[in-house]
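Take a look at the structure below.
Computed from the coordinates by the stated procedures, all read-outs in this text should not be read as laboratory data. A quick note: this is a predicted structure, and the numbers were derived from the prediction, not measured. Using ideal geometry, Cβ is built from the backbone for each residue, glycine included, and neighbour counts are taken over all protein chains shown.
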Amino acid sequence: MEEVKYKRIVLKLSGEAMAGEDGFGINPKVIKEMVEEIKEIYQLGVEIAIVVGGGNIWRGSVGEEMGMERAQADYMGMLATVMNALALQDVLENNDVPTRVQTSVEMRQIAEPFIRRRAIRHLEKKRVVIFAGGTGNPYFTTDTTAALRAAEIEADVILMAKNNVDGVYNADPKIDANAVKYDNLSHMDVIAKGLKVMDSTASSLSMDNDIPLIVFNLNKPGNIKRVVLGESIGTIVQGH
């Protein structure tokens, strides 16, 4: 069996990744391909926790345009992440990958509440755990959720899977042809340079708990496995 570099990971998936080219909703083909990649690393014995966003169903900016209170819009976003988590769970289990969804907002008929020790036990029993509902608090993003949960379950790394972007650049590569890609950065670099990797709260949490972050392109088949095996792809953010 291939030797993995990271035994316990937090995989951060954006809601947009689940929509694929549709831009909205859940694209069945995309989610199936995603699950095949997750199953590949599951079979290597990696303990997998997933944090999923909700931007394919609801965006806070829409609420802002409606004049909605920020907290209300954020709660709607939390519910969107639960919908994505349940869809992901269903496809994973249809592919023989045992999965549990834990939500930070209690909804007992749908999923377990987030309980740190139970989440760790699931991982030890080789179940994939999907953390839904963000942190359970408005004003925090799912990036912050990924950093928080990674610290709580003592993950080795956060894998930040991006749509069609193969790492961190000094400018948006889709707009600026001269944008330069970074291979290595510190968490402090990310904060000081204002790089749009994850929000500053998430970066600070990752830095304080010494959790490395790898930003890579989700759309290239096999990339999740490459990262887990320790191949040098994307951008690694670590250290102060």
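Observations on the model:
- Label separation (Val62 vs Lys7): 4.3 nm, computed from points 7 Å beyond Cα along the C-beta direction.
- Euclidean distance of C-alpha centroids, the range 170-227 and the range 105-141, integer Å: 25
- Within the range 115-211, trypsin sites (Lys or Arg not before Pro) in DSSP loop having at most 12 other beta-carbon neighbours inside 10 Å: Lys125, Lys174
- At R0 = 51 Å, FRET efficiency that the Cβ-Cβ distance of Glu231 and Arg116 yields, to 0.05: 0.95
- Burial ranking of peptide ranges 43-56, 201-214 (average Cβ count within 10 Å, highest at the top): 43-56, 201-214
- Förster radius 35 Å - calculated FRET efficiency between Asp183 and Lys29, Cβ distance, rounded to 0.05: 0.65
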